[in-house]
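Visitor: Starting off with a structure, shown below.
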Amino acid sequence: YKVNDIIKVRIEARDNFGTSAAKGGGDFFKVKAYHPQTRSSISASQTISYGNGSYDAEILAFRSGPLTVQVMLGNSGHFIDAVKHLTSEPHTHAMDFYATFVNEATSDKTQCRIQADAFISGVVCNLTNRNGETWFCVKPKPGLGCSDLTDMYTKTGESKYTTTVNRTELFTTKGNVGNIFVSPDGDQTSIDRSNLPNCRQGIQQASPFGFWMNNEWLSTSCNNKHFSRQPKLAAKCITNRIFYFLGDSTIRQWFEYFLRKSHEQNYWTEKSTYEQGSFRDVWDSRSSRIERTNTTFYYRVHGPPMQNGAAASSMRYISNELDQMLKRSDGGRSLTVVVGIGPHFLQYNPLVFRKRLTIIITAAEKMLARNPEATVIVKGLGTFDRGLGIGECCLTDWLSYRLNKITQQVLQNSKVIYMDVWHMTLSHHSPDLIHPVDEVISNQVDLALSYSC
């Protein structure tokens, strides 16, 4: 092989008896090539199924020298078929959602779901926002009203997921299938990125989206900068800018990363009444300001469902937040909005996530029409570990991969920027984690800043 060649890896899937796993060819594989000494790696650009248990994975020869190819069976086709069936209904069976209603005289707890028709009986509190992001809870007992809602929480247990899907299907199989050597292409020892455009909305996305070289992520679509090792460039980029981080804990990581890197006093505002350090406290709205660069950061969690509970006042629908930006004055500062949503929707019918994301993108495009100089980025979904303790049976990379593909589809012709992190997390040398290590987060943030500045 030479640099820029396509390395083809043939995969033959067989069962425990050595029989070809010919059923449908729906197995989910994760394939990458890496050089551990330099922490350089790349994931397969695509895996082609021939429907008979045979697959071809295609890997771009991104650098010269020795490479090790690794193939991991993420989930079997049998497991995926079962999960597809279990997520075909409008509500999730993985957990139950509840609301707490409290006033001076009494309190009550009732069940909540994302669609009203999921309730067999009972009058509901309609908590759907004006843009159509739906959420319903059974009305509390007399003496309490819907406005007395204080917080929401979840209960997990033995569900249809854990009783229907064989637990042995959870195990993955991985192995280094072999070593290869890639020769330089003339004088070229790695992929030529010298003619790539600056990162901006509307650029043609290449496949794969990028690769790791010496522990830095290099995009194959645009000339991304590495602000984390260029503090002066980073300071220039964030000067006179407002950042909104809207979404789940994977986007809250970005907010916290900026705080750690700012070397400034953090100013936490809009704190809820929950005790500092309690599990609900992590979802509180918060902000921080860097006086020296006139930069403000905001974090807001998305609206329900939230698998680990939150105060009702903390959960803000993202489309509402985007609508509010139309009314706010930015004081002449630039605006960057980063949205991260998906992990709390993994075990729902994928149409639920598609609808929620479409509503958010519609609101974002409306905001961009009023403020065309703003930047709105939607971070895709990455790989993650299991062991999360929430519907643990079926929280798999395949579910994350499915919603990530939907995110790509929804944003295909949008003015909102899709930022892929699937290949970034899949190909990195660290373990699969829903909250990636700092090396990954810093490169994600650098890529987002490359689109903003």
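The values are calculated or read from the model by the stated rules, or taken from the named source; none is laboratory data. Bear in mind that the values here come from a model prediction, so they are computed numbers and not experimental data. With ideal geometry, Cβ positions are generated from the backbone for all residues, glycine too; neighbour counts draw on all protein chains shown.
Visitor: Against the definition (under 17 Å from G178 (Cβ atoms) and under 23 Å from the mean Cα position of the chain (by Cα)), how does L73 come out, yes or no?
Guide: yes
Visitor: While we're looking at this one, here's another question. Could you tell me which of the residues T128, T173 is at pLDDT below 90, under 27 Å from the mean Cα position of the chain (by Cα) and outside the structural domain of N443 (by TED's automatic domain parsing)?
Guide: The conditions single out T173.
Visitor: Same structure, new question: Taking the condition of a type in the set (K, R), at pLDDT below 95 and more than 21 Å from A206 (Cα to Cα), does K84 pass?
Guide: Here the answer is yes, as K84 does meet what is asked.
Visitor: Among strands (runs of 3 or more DSSP E) lying entirely in the range 46-147, which contain 1 or more residues that are of a type in the set (S, T, Y)? Before you say what the answer is, go through the steps one by one.
Guide: Numbers: elements: 46-49, 54-60, 65-75, 95-102, 107-113, 124-126, 136-138.
Ranges flagged: 46-49, 54-60, 65-75, 95-102, 107-113.
Visitor: Of L246, L196, L259, which residue is in contact with a strand residue (DSSP E or B) (Cβ under 6 Å, 6 or more places away or on another chain) and modelled with pLDDT of 90 or more?
Guide: After applying the criteria, what remains is L246.
Visitor: Do any residues in the range 439-452 that are in the same structural domain as V338 (by TED's automatic domain parsing) and part of a helix (DSSP H, G or I) have Cβ atoms under 7 Å from those of residues that are of a type in the set (D, E) and surrounded by fewer than 20 Cβ atoms within 10 Å (Cβ to Cβ), where the two are at least six apart or on different chains, and which pairs are they?
Guide: N443/E216
Visitor: Would you check if there is a residue in the range 89-103 being out of contact with any strand residue (DSSP E or B) (no Cβ under 6 Å at 6 or more places or on another chain), charged (D, E, K, R), modelled with pLDDT of 85 or more and at negative phi?
Guide: No, the range 89-103 contains no residue that is out of contact with any strand residue (DSSP E or B) (no Cβ under 6 Å at 6 or more places or on another chain), charged (D, E, K, R), modelled with pLDDT of 85 or more and at negative phi.
Visitor: Filter the range 207-243 down to the residues that are outside any strand (DSSP E or B), of a type in the set (F, W, Y) and in contact with a strand residue (DSSP E or B) (Cβ under 9 Å, 6 or more places away or on another chain) and list them by number. First the steps, then the outcome.
Guide: Residues of the range 207-243 outside any strand (DSSP E or B): 207-209, 214-215, 220-240.
So of that shortlist, the ones also of a type in the set (F, W, Y) come out as 209, 227.
Selection gives F209 alone.
Visitor: For T19, which of the numbered conditions (1) modelled with pLDDT of 85 or more; (2) surrounded by fewer than 16 Cβ atoms within 10 Å (Cβ to Cβ) fails to hold?
Guide: Answer for T19: the failing condition is (1).
Visitor: Would you pick out the residues in the range 207-225 that are at pLDDT below 90 and loosely packed, with under 15 Cβ neighbours inside 10 Å?
Guide: S207
Visitor: Output the residues belonging to the range 306-327 that are farther than 14 Å from N129 by Cβ and in contact (Cβ under 8 Å) with a residue 40 or more places away in the chain.
Guide: Of everything in the range 306-327, those that are farther than 14 Å from N129 by Cβ and in contact (Cβ under 8 Å) with a residue 40 or more places away in the chain turn out to be M306, Q307, N308, G309, A310, A311, S313, S314, M325, L326.
Visitor: Next question. Could you grab me the full set of residues in the range 394-425 that are at pLDDT below 95, of a type in the set (A, V, I, L, M) and not in a loop (DSSP other than H, G, I, E, B)?
Guide: L399
Visitor: Same structure again: Within the bounds of the range 342-359, is there any residue that is modelled with pLDDT of 90 or more, more than 22 Å from the chain's Cα centre (by Cα) and charged (D, E, K, R)?
Guide: The answer is no; no qualifying residue exists.
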